[in-house]
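What follows is a set of notes on a single structure, which appears directly below.
No lab work stands behind these numbers, since they all come straight from the coordinates. Given the structure is predicted, the values throughout are model-derived calculations rather than measurements. Here the Cβ is made from the backbone with ideal geometry for all residues, glycine too, and neighbour counts use every protein chain on show.
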Amino acid sequence: MHSPRLLVIEGNSPQTMADHIAAGGVPASKGYSDLLREVLPGAIVDICYPGDAAVSLPKGEALEGYDGIAITGSALHVYAGGPEVMRQVELVRSALATGTPLFGSCWGLQVIAAAAGGSVRKNPKGREIGFGRGIRLTEAGRKHPMFVGKLDVFNAPTVHLDEVEMLPPGSTVLASNAMSAVQAVEIRTNGSVAWAVQYHPEYPLRELAAIVRRIGTRLIGEGFFADEMDMRAFAEDLDLLDHDPECKRLSWRHGISQNVLNKQLRISEVANWIEFQVLPTRVKRGRG
C-alpha cells in the first residue's frame, strides 16, 4: 500500500516568504506540511509555489493523484488580481474539478471561494489580528465533522484584512463572529468538497509573533500598537507563551484560552479533515 500523498499550496510570493523568515518565522507551507506529517505519520507532502511565476504547477491527473490538498494563508488580495493571484485561482479551480478533498486557511478560504464562483472584499470592519474572538458555530457547524471535539464558541489564531463577500453556490456557513460572517465554510462543487476557515488552526503562537513583527509598521498605523516598542513587546509575549503555554500571567494578560494554547484543540479542524475527508476519499479511490 502506498503512503498517503498530500499537496500544500503556498499562497505567498517569494518576497513575502523571505520577509517572514527574516522576521523569525518559517514559510507557511513548511509549517503546514510539518503539521500534516505529524497528524498523518508516513504521509508524503509536496509543496507548490503558484506565487512564483517561474515555477511550474501540477495539473489535472497530477492533482487527482493527491489524497488531499491544503492551502496556506497569504499576504495577497484576491480582488487585486494579477498573475500571482490568478495562477492560484486557476490552480484551485483545477483542483476542485478532481474530487480531491481541499482544506484552506484564511487566504485558502478566500481563493477557494473565488475559484468556485464567489467573491472577496476588504473587510469594512478592518483587520482581525492575533486572535479571532467569539467564533461561534452555526447549527450546521455544530453537526459538522470538521468541528468534532470543538467548543460551540471558541477563539483561534488569526490575521486577515479581507473576507468572503459572496459565497459560491454549494456553500454552507459553519461558523461566524462579530468581525466576519464567514469564519468557516464547506463548499461543494464539481463533485469536490472543500473545508475552509478564515482563521489559522495551523499557526503556533510563534508564527503569529513573526507576522506581527513582519507587518508591525502597518499595525501601528492601524492603531493596534502605540509604537514599535509596544508591538515588539506583544510579539515577545507570544514567543514566551509559545515556549511555555502554562504561563498564566501571559495567557491572562492577553485573554488567550485553552482552545488556542492546547495544540490538539487548536489543530482539530485539520486533524478532522484528515480523518473525515482525506482518509475516506483515499479508501474510495482504492488507495488505502
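What the table shows:
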read-out	value
Helix-only [θ]222 nm of the chain, DSSP H runs n ≥ 4, -39500 (n - 2.57) each, per residue, nearest 500	-10500 deg cm²/dmol
Bridge type composition, the chain - antiparallel percent by DSSP, nearest 5	60 percent
Share of alpha-carbon pairs per 5 Å distance bin for segment 53-123, given as whole %	4, 16, 30, 27, 16, 6, 1, 0
Cα-only Debye scattering, segment 205-254: base-10 log of I(q)/I(0) at q = 0.26 Å⁻¹	-0.92
In nm, spacing of pseudo-spin labels at Ser119 and Ile21 (7 Å Cα→C-beta vector)	3.8 nm
Calculated FRET value between Ala226 and Val55, using beta carbons and R₀ = 35 Å, to 0.05	0.30
Length-normalised contact order for segment 1-77 - Cα pairs under 8 Å, 6+ apart - percent	52 percent
Long-range tail of P(r) for segment 1-112 (Cα pairs > 21 Å, %)	32 percent
Estimated inter-spin distance, Thr172 and Arg142, nm [label 7 Å along Cα→Cβ]	1.5 nm
Pairs of alpha carbons in the chain whose separation is greater than 27 Å (percent)	35 percent
Cβ-based exposure ranking for Ser105, Ser119, Ser171, Ser13, in which fewest neighbours within 10 Å come first	Ser119, Ser13, Ser171, Ser105
nm² value of the averaged projected area, convex hull over the Cα atoms of segment 146-288	10.6 nm²
Top of Arg266, Arg249, Arg214 by mean-square fluctuation, Gaussian network on the chain, Cα under 10 Å	Arg249
Sequence-separation-based contact order of the chain, relative, with Cα cut under 8 Å and 6+ spacing, percent	19 percent
Label-point separation in nm, His254 to Asp152, each point 7 Å along Cα→Cβ	2.9 nm
Residue-span extension gain [Glu64 to Asp244] - 0.36 nm each, minus C-alpha spacing	60.7 nm
Net +/- balance of residues flanking Ser171 in space, Cβ distance below 11 Å, scoring K and R +1, D and E -1	0
Given Lys30/Lys125; Lys30/Lys59; Lys125/Lys150; Lys263/Lys284; Lys150/Lys248; Lys59/Lys143, the pairs whose alpha carbons are separated by over 28 Å	Lys30/Lys125; Lys263/Lys284; Lys59/Lys143
Net +/- balance of residues flanking Ala116 in space, Cβ distance below 13 Å, scoring K and R +1, D and E -1	0
